[in-house]
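Enquirer: Sharing a structure here in structure tokens format.
The values are calculated or read from the model by the stated rules, or taken from the named source; none is laboratory data. Since the model is a prediction, treat every value here as computed from it, not as a measurement. Quick reminder, even Gly has a Cβ in these numbers, built from the backbone with ideal geometry, and neighbours come from all protein chains shown. Only protein heavy atoms, including side chains, enter the accessible area calculation; ligands, DNA and RNA are left aside. Shrake-Rupley method; radii C 1.70, N 1.55, O 1.52, S 1.80 Å.
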Amino acid sequence: MELVIALALTGIVLAAASGSLLRHQRGVRWVGEVAGAESQLRPLAQMLSAELALLDPATGDLTPGLASDSTVQIRAAIASSLSCDSASGTVTLVPESRSGIALGGSSRAPEVGDSLWFFADTLGWQARRITGIARVSASCRSPALPTAAALRLSIAVPMDMPGATPVRITRQERYQLYRSGDGAWYFGLSDWSVATNRFAPPQPIAGPFVRRSAGVVTTGFAFFDATGQSVVPDGANERTITRVRVRGLASLVARPGDARLDSVDVALGRSRAP
């Protein structure tokens, strides 16, 4: 009889402990899912912040007619430098320095089809299409630099560019919300391809997300002007946009039907307050 009573008490204790353990595991899993859902937008926010930091909304860096709640197309700066000299149809950038402070930098290698922008004192930023790229050995008088490897760019329309002119190289990029084969929504990035004359398929950056909640679109982009007023892009008012909001609604597996909404605001660089 004592053995039976001991076994019964042991069973009660084990059942209570198992229930507590299961509740604890469910709680830990739910907290982990909430944290994971709320961090989904972070990679996209970091990339957008780096890209938008160099843009000027007043000059059309946010491509007119191609901004919506599911798409942001920008003129992304992939390199910046100074001109060393220019000839008919070519521009040589300052040589690469192996010592001292670099006068230029790039996040990606320039390609044929990219745009070369140069700053003209009276006209502001002017653009030329890059038609050829060559690596040469060159020296520079203004700014004074010794002979070293440099990029020489062929351009579609010749122009006169003095030495030490600020230049930047841009390429069209598209951030977009798209539906994958698994039915979920992802934010992806596409580069423009000159070879195919179209954007490459988007590469996923963040997701998966839920597009709608209670019939309202909750995942996507929203736009605001310098006064904080909402802007609905219409092809003519993109130059007034100074801030982009990215929103993402992520579902929680631990609680079917429940979801977490997260959002991040990113300011266009030339519109930031000093």
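Enquirer: Counting only residues that are acidic (Asp, Glu) and in contact with an Asp or Glu (Cβ under 7 Å, 6 or more places away or on another chain), how many does segment 159-175 have?
Expert: So the first thing to find is which residues in segment 159-175 are acidic (Asp, Glu), and the list is 160, 173.
Add one more test, that the residue is in contact with an Asp or Glu (Cβ under 7 Å, 6 or more places away or on another chain), and what stays is 173.
The number of residues fulfilling the criteria is 1.
Enquirer: Which strands (runs of 3 or more DSSP E) sit wholly inside segment 137-208 and have at least 2 residues that are at pLDDT 90 or above and among the aromatic types (Phe, Trp, Tyr)?
Expert: On the way: elements: 144-155, 166-179, 185-193.
Fully inside segment 137-208 and qualifying: 166-179, 185-193.
Enquirer: Regarding segment 189-200, can at least one residue be identified that is open to solvent by less than 30 Å² (accessible area, probe 1.4 Å) and closer than 21 Å to Ala120 by Cα?
Expert: no
Enquirer: Follow-up question, since we're still on this one. Looking at segment 29-49, can you tell me whether even one residue there is modelled with pLDDT under 60, out of contact with any Pro (no Cβ under 8 Å at 6 or more places or on another chain), open to solvent by 80 Å² or more (accessible area, probe 1.4 Å) and not in a loop (DSSP other than H, G, I, E, B)? Give the derivation first.
Expert: So the first thing to find is which residues in segment 29-49 are modelled with pLDDT under 60, and the list is 29-38.
Now drop any that are not out of contact with any Pro (no Cβ under 8 Å at 6 or more places or on another chain), which leaves 29-38.
Then drop every residue that is not open to solvent by 80 Å² or more (accessible area, probe 1.4 Å), which leaves 29, 31.
Those left that are additionally not in a loop (DSSP other than H, G, I, E, B): 29, 31.
Scanning segment 29-49, I find at least one residue that is modelled with pLDDT under 60, out of contact with any Pro (no Cβ under 8 Å at 6 or more places or on another chain), open to solvent by 80 Å² or more (accessible area, probe 1.4 Å) and not in a loop (DSSP other than H, G, I, E, B), so the answer is yes.
Enquirer: May I ask you to say which residue of Ala134, Ala109, Ala144 is free of Cβ contacts under 8 Å to residues at least 40 places away in the same chain, within 20 Å of Arg198 (Cα to Cα), out of contact with any Asp or Glu (no Cβ under 7 Å at 6 or more places or on another chain) and open to solvent by 30 Å² or more (accessible area, probe 1.4 Å)? If you could, list the steps in order and put the result at the bottom.
Expert: Details: Ala134 fails: within 20 Å of Arg198 (Cα to Cα); Ala144 fails: within 20 Å of Arg198 (Cα to Cα).
Exactly one residue qualifies, and that residue is Ala109.
Enquirer: Among the numbered criteria (1) outside any loop (DSSP other than H, G, I, E, B); (2) modelled with pLDDT of 80 or more; (3) touching a strand residue (DSSP E or B) at 6+ places or on another chain (Cβ under 7 Å), which one does Asp85 miss?
Expert: It is condition (2) that Asp85 fails.
Enquirer: Shifting gears a bit: Only one of (1) open to solvent by 30 Å² or more (accessible area, probe 1.4 Å); (2) at pLDDT 85 or above fails for Glu2. Which number is that?
Expert: If we test Glu2 against (1) open to solvent by 30 Å² or more (accessible area, probe 1.4 Å); (2) at pLDDT 85 or above, just (2) comes out false.
Enquirer: If you don't mind, another one. Kindly list, by first and then second residue, each pair from a residue in segment 64-84 that is touching a residue at least 60 places away in the same chain (Cβ under 8 Å) and of a type in the set (D, E, K, R) to a residue that is open to solvent by less than 30 Å² (accessible area, probe 1.4 Å) and not in a strand (DSSP E or B), limited to pairs with Cβ atoms under 6 Å and residues at least 6 apart or on different chains.
Expert: Partner pairs satisfying both residue conditions: Arg75/Asp61.
Enquirer: Just wondering, is there one or more residues in segment 69-86 that are more than 30 Å from Thr240 (Cα to Cα), in contact with an Asp or Glu (Cβ under 8 Å, 6 or more places away or on another chain) and either open to solvent by 30 Å² or more (accessible area, probe 1.4 Å) or among the hydrophobic types (A, V, I, L, M, F, W, C) (or both)? Full working, then the answer.
Expert: Start the filter on segment 69-86 by keeping residues that are more than 30 Å from Thr240 (Cα to Cα), which leaves 83-86.
Subset that is in contact with an Asp or Glu (Cβ under 8 Å, 6 or more places away or on another chain): 86.
So of that shortlist, the ones also either open to solvent by 30 Å² or more (accessible area, probe 1.4 Å) or among the hydrophobic types (A, V, I, L, M, F, W, C) (or both) come out as 86.
So far as segment 69-86 goes, yes, one or more of its residues are more than 30 Å from Thr240 (Cα to Cα), in contact with an Asp or Glu (Cβ under 8 Å, 6 or more places away or on another chain) and either open to solvent by 30 Å² or more (accessible area, probe 1.4 Å) or among the hydrophobic types (A, V, I, L, M, F, W, C) (or both).
Enquirer: Is one or more of the residues making up segment 166-187 surrounded by fewer than 19 Cβ atoms within 10 Å (Cβ to Cβ), of a type in the set (Val, Ile, Thr) and either more than 13 Å from Val94 (Cα to Cα) or touching a residue at least 12 places away in the same chain (Cβ under 8 Å) (or both)?
Expert: Taking every residue of segment 166-187 in turn, none turns out to be surrounded by fewer than 19 Cβ atoms within 10 Å (Cβ to Cβ), of a type in the set (Val, Ile, Thr) and either more than 13 Å from Val94 (Cα to Cα) or touching a residue at least 12 places away in the same chain (Cβ under 8 Å) (or both).
Enquirer: Would a scan of segment 213-224 turn up a residue that is open to solvent by 20 Å² or more (accessible area, probe 1.4 Å), of a type outside the set (A, V, I, L, M, F, W, C) and touching a residue at least 60 places away in the same chain (Cβ under 8 Å)?
Expert: no
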